[in-house]
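K.L.:
Dropping the structure in here first, questions after.
The values are calculated or read from the model by the stated rules, or taken from the named source; none is laboratory data. Just so you know, these numbers come straight off a predicted model, no measurement behind them. Glycine gets a Cβ as well: all are built from the backbone with ideal geometry, and neighbour counts include every protein chain shown.
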Amino acid sequence: MLEAIVLAAGLGRRMGGPKALLPWGGATLVQAHAVEALGAGVARVHAVVRAATAQRGLALPAGASWCVSEEDEALGPAGSIRAAVRALDARTAWVAICPVDVDPSAWGCVGLLMRGVGAREAAKPRRGERRGHPVLLRRRVLAAYEGDEAPPLREVLRAPGAQVVEVPVAEEAVLSNLDTPEALAAYLRAKRPPRR
């Protein structure tokens, strides 16, 4: 089984508020992530947010649920991963992780990652010379988050014996980084077809 973790518990200081709540195609960014991940074949989506975001009453699609993180903000995404690992189904073999400030259409590469990972532990999408999101991992790789530690994911993937393959993808969305109002506006302008 493949589950997904959407990392959306940041306070969004540079954005002016939680990125999870940004408008995106008639929904919020976190809702769009859940829809795209489920459409890409993910069985279950865990949207990691702070309690205030989960309590807003936003509906997630069937197959997606809120995962409230009370982890220290200083841990960053690693704290959110640790919070979500506790919610994973015991039968899950694969987990895909993506920050909420990536274009949700990046989930379209999950099938390629699944086909490309082979016998390795993890797969990252690569477009040109750059690596992006989501990252696909065998469930056992996340054992590092089951105790008191919450190492950055990049450290886990660089640990001795870690086997990570980079899978070439065509989708530019895997490289998106919508972390400021200016970056979001510029990205949306570039996505829109020019007016005639």
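K.L.:
For Gly26, indicate whether it is in contact (Cβ under 8 Å) with a residue 60 or more places away in the chain and of a type in the set (Gly, Ala, Ser).
P.N.:
When the stated conditions are applied, Gly26 does not pass them.
K.L.:
For the subset of segment 81-116 comprising residues that are in contact with a His (Cβ under 7 Å, 6 or more places away or on another chain) and of a type in the set (Val, Ile, Thr), which member is surrounded by the most Cβ atoms within 10 Å (Cβ to Cβ)?
P.N.:
Only one residue fits best here, namely Val100.
K.L.:
Which number in (1) buried (at least 20 other Cβ atoms within 10 Å of the Cβ); (2) part of a strand (DSSP E or B) marks the one condition that Ala78 misses?
P.N.:
(2)
K.L.:
Spot the failing condition for Ala119; the list is (1) surrounded by 15 or more Cβ atoms within 10 Å (Cβ to Cβ); (2) assigned to a loop (DSSP other than H, G, I, E, B); (3) of a type in the set (A, V, I, L, M, F, W, C), and only one is missed.
P.N.:
(1)
K.L.:
Moving on. Checking the conditions here, which among Glu36, Glu3 is surrounded by 22 or more Cβ atoms within 10 Å (Cβ to Cβ), closer than 25 Å to Glu172 by Cα and in contact with a Gly (Cβ under 9 Å, 6 or more places away or on another chain)?
P.N.:
Glu36
K.L.:
Here's a follow-up. Only one residue in Leu142, Leu184 is at pLDDT below 90 and either surrounded by 14 or more Cβ atoms within 10 Å (Cβ to Cβ) or of a type in the set (D, E, K, R) (or both). Which one?
P.N.:
Leu184
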